[in-house]
Amino acid sequence: MLWRFDKLTSKIDFVPNHINQFIPSDLESSVGKLDLMGEAPVFFGDDLHASVSNGFHLKPKEFESAIVVGNKTYAIGGFDDPTSNGVRVFDKSTGEWVVPIVLGTKPNAFKGHSMMLLDSDRILIIKHNSKSNDCAWFLEVDTRYVQEQKKKFGSEVVSWSKGVIGDAERPIVISGPSGVGKGTLINMLMKDFPTMFGFSVSHTTRTPREKEENGFHYHFTNRSVMEEEIKAGKFLEFASVHGNLYGTSIEAVEVVADSGKRCILDIDVQGARSVRASSLEAIFIFICPPSFEELEKRLRARGTETEELIQKRLNNAKAELEQGTSGGLFDHILVNDDLEACYERLKEILGLDGSRDATLKTTTEVFALPMEISLSKIDGKIIINSKNADQKIVLDLTSMKGGGPGRTRGLRMYPTSLHIDDDNDENA
Ligand SMILES: Nc1nc2c(ncn2[C@@H]2O[C@H](COP(=O)(O)OP(=O)(O)O)[C@@H](O)[C@H]2O)c(=O)[nH]1
Ligand SMILES: Nc1ncnc2c1ncn2[C@@H]1O[C@H](COP(=O)(O)OP(=O)(O)O)[C@@H](O)[C@H]1O
């Protein structure tokens, strides 16, 4: 089974075995095994590379390997090749290879990996010779999120998600009408708990206010650029609010997750609805004013908008209040009457009211994975076996949360000295 890449169409042609006289026998047999078994065995990066290194046909990317999921074969690798987006898909029903839209941030280049299919909708990739905090990646190929994106884009889509070891806290979505005090409450949290929270810096097409800083309060951009980026799948959610485009880029959320902080998103109700439908398992909080008159008073007192813009915001506030307080979209509804009281209630919801140590963070010791590994699955746990040493590491996915695009949290990983009987392996 070899491929030919058509640079004009970006398609990869499947070259049937019978017209290829250079097919190495070991690849043929592994393909045969895939078809027969109808399930995904574990492949090592080198397998595919060594087998298909044939200059005449599509040259496999370095450290590329393949796995079968239903009717499709996913070739993964070549991350250090600038012409590759790291994934190509062969669809058995059309007989064609295609380069999919790849959402999320792909892993940095690595030399070799092992893969395993999980729940027939995502591929677990373990990087060889890596550290425990950057070894587990998921390529979602048919999760609910990916299915939705396939419909949206009308083409093949896959989505990366980095596995995060430990109990990162759920992100927080805060919504509410303009002038209700969202920014004020978020600033209080960030000031009181600087190591705990990180703000998701949104993109917007509105003009900056006097004291607003690009890259800190917002990424200020223009509509055509932002629309292009939306088309390219760079946004977790976006919405048209008060006549401007606002959106949360996948990167904005990932930057916070990577800094080990809990992400706060200040987004409108439409955005909250989109995030609710995504795999970002957030806590949704809606802030209400004590009255409409008070909202108007605060907006005017803030002095950042013209009269016309204040009117627009007040008009939109009615619909936002209606949507925010009905329909079960939000987990908590807070009335911001007395600021201090509202802040106390917010801290209580977030477990920061002294009922537990707010500075306590789950620390996960980082350790090195073996150079050469293989994967197996026992009792729902993934076992990472060293090829050269009698060393096993357990990857427990039973409490994993979230997913593409972004981060899959809640993974547990620990070395084990337990004897594991290989005969019981579900995957060899
Ligand atoms: N959907 C969505 N809404 C956003 C985003 N960033 C900000 N917003 C919302 O856009 C609205 C207007 O924000 P802004 O212009 O900063 O005005 P302010 O809320 O009155 O300070 C607010 O409801 C924000 O919550 C985003 O990334 N996505
Ligand atoms: N509980 C409150 N009581 C009185 N004024 C408030 C209260 N909360 C916020 N404000 C003020 O209302 C204005 C709007 O608050 P802001 O945080 O900018 O709202 P938002 O981010 O929701 O648009 C600001 O001038 C802020 O100081």
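The values are calculated or read from the model by the stated rules, or taken from the named source; none is laboratory data. Here the structure is a predicted model, which is why all the values come from computation and not from measurement. Virtual Cβ from ideal backbone geometry, glycine too; neighbours counted across all protein chains shown.
Tabulated data for the structure shown
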item: Matching residues in the stretch 162-179 - criterion: being near ligand 1 (Cβ under 10 Å from one of its atoms) and hydrophobic (A, V, I, L, M, F, W, C); result: Val173, Ile174
item: Any hit, the stretch 145-163, residues being outside any helix (DSSP H, G or I), over 15 Å from the mean Cα position of the chain (by Cα), surrounded by fewer than 19 Cβ atoms within 10 Å (Cβ to Cβ) and of a type in the set (Phe, Trp, Tyr); result: no
item: Failed criterion for Gly198 (all others in (1) of a type in the set (Gly, Ala, Ser); (2) closer than 26 Å to Tyr246 by Cβ; (3) buried (at least 24 other Cβ atoms within 10 Å of the Cβ) hold); result: (3)
item: Options Gly86, Gly77, Gly104: the member that is surrounded by 20 or more Cβ atoms within 10 Å (Cβ to Cβ), touching a His at 6+ places or on another chain (Cβ under 8 Å), small (Gly, Ala, Ser) and closer than 21 Å to Thr143 by Cα; result: Gly77
item: Unique match (being of a type in the set (Gly, Ala, Ser) and within 16 Å of ligand 2 (Cβ to nearest atom)) among Ser120, Ser178, Ser132; result: Ser178
item: Residue satisfying all of: in the stretch 331-351; touching a strand residue (DSSP E or B) at 6+ places or on another chain (Cβ under 8 Å) and part of a helix (DSSP H, G or I); farthest from ligand 2 (Cβ to nearest atom) among these; result: Ile349
item: Single condition Gln323 does not satisfy, out of (1) touching a His at 6+ places or on another chain (Cβ under 9 Å); (2) farther than 26 Å from Glu169 by Cβ; result: (1)
item: Residue that is farthest from Val255 (Cα to Cα) [pool: residues in the stretch 180-198 that are among the β-branched types (Val, Ile, Thr) and within 15 Å of ligand 1 (Cβ to nearest atom)]; result: Val180
item: Top-ranked residue of the stretch 218-245 - restricted to ones that are within 16 Å of ligand 2 (Cβ to nearest atom) and crowded, with 17+ Cβ neighbours inside 10 Å, ranked as farthest from Asn316 (Cα to Cα); result: Tyr218
item: Residues being basic (Lys, Arg) and either more than 9 Å from ligand 2 (Cβ to nearest atom) or without any contact (Cβ under 8 Å) to a residue 40 or more places away in the chain (or both) - total across the stretch 272-306; result: 4
item: Out of Glu305, Glu320, Glu340, Glu293, sole residue that is surrounded by fewer than 13 Cβ atoms within 10 Å (Cβ to Cβ), within 30 Å of Arg206 (Cα to Cα) and modelled with pLDDT of 90 or more; result: Glu293
item: Residue satisfying all of: in the stretch 113-124; out of contact with any Leu (no Cβ under 6 Å at 6 or more places or on another chain) and buried (at least 20 other Cβ atoms within 10 Å of the Cβ); nearest to Leu375 (Cα to Cα) among these; result: Met115
item: Which numbered condition Arg356 fails, given (1) outside any strand (DSSP E or B); (2) among the basic types (Lys, Arg); (3) at pLDDT 85 or above; result: (3)
